[in-house]
1. Considering every residue within the stretch 30-37, establish whether at least one is within 20 Å of ALA11 (Cα to Cα) and either touching a residue at least 60 places away in the same chain (Cβ under 8 Å) or touching a helix residue (DSSP H, G or I) at 6+ places or on another chain (Cβ under 9 Å) (or both).
2. What pairs come up if the first residue lies in the stretch 52-72 and is touching a residue at least 60 places away in the same chain (Cβ under 8 Å), the second is surrounded by 14 or more Cβ atoms within 10 Å (Cβ to Cβ) and not hydroxyl-bearing (Ser, Thr, Tyr), and their beta carbons are under 6 Å apart, counting only those six or more places apart or on different chains?
3. Exactly one condition in (1) modelled with pLDDT under 95; (2) under 10 Å from the mean Cα position of the chain (by Cα) is false for SER59; which is it?
4. Can you list the helices (runs of 4 or more DSSP H) lying wholly within the stretch 19-75 that have 2 or more residues being at positive phi?
Amino acid sequence: MKHGEANDPSAALTPREKEVFNFLLQGMKAKEIARELSISLSGVNYFVKRIYRKLQVKSKIELVIKYFNLRQPPV
C-alpha cells in the first residue's frame, strides 16, 4: 500500500471507477452520471457494483459514510 492509500478509500479503484465514485459523492444519480460520462445506464450500474464490492459497502449512504470516516484524521 502506497503512502496515503490507507486514508483514501478510492485508491483501489480504476480511473473510470474513480470518476463514477466522485459523482456518487456529489449525490448524482446513475442517469446523471451516464449522461455526464457518455456511457449507458447499465455501464454506470456495472461500475457502481464494482465500487461497492471493492469498498465493501451495500448502498450509496454507506459509501459516503465510509468515505468521510476514512478521510477524517485520527483524534
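The values are calculated or read from the model by the stated rules, or taken from the named source; none is laboratory data. Fair warning: this is a prediction, and the values are worked out from it, not measured in the lab. All Cβ positions, glycine included, derive from the backbone under ideal geometry; neighbour counts span all protein chains shown.
1. If we filter the stretch 30-37 for residues that are within 20 Å of ALA11 (Cα to Cα), which is where we start, we get none.
No, the stretch 30-37 contains no residue that is within 20 Å of ALA11 (Cα to Cα) and either touching a residue at least 60 places away in the same chain (Cβ under 8 Å) or touching a helix residue (DSSP H, G or I) at 6+ places or on another chain (Cβ under 9 Å) (or both).
2. Between residues of the stretch 52-72 that are touching a residue at least 60 places away in the same chain (Cβ under 8 Å) and residues that are surrounded by 14 or more Cβ atoms within 10 Å (Cβ to Cβ) and not hydroxyl-bearing (Ser, Thr, Tyr), the close pairs are LEU70/PRO9.
3. SER59 satisfies every listed condition except (2).
4. Working: elements: 30-37, 41-55, 60-71.
No helices (runs of 4 or more DSSP H) qualify here.
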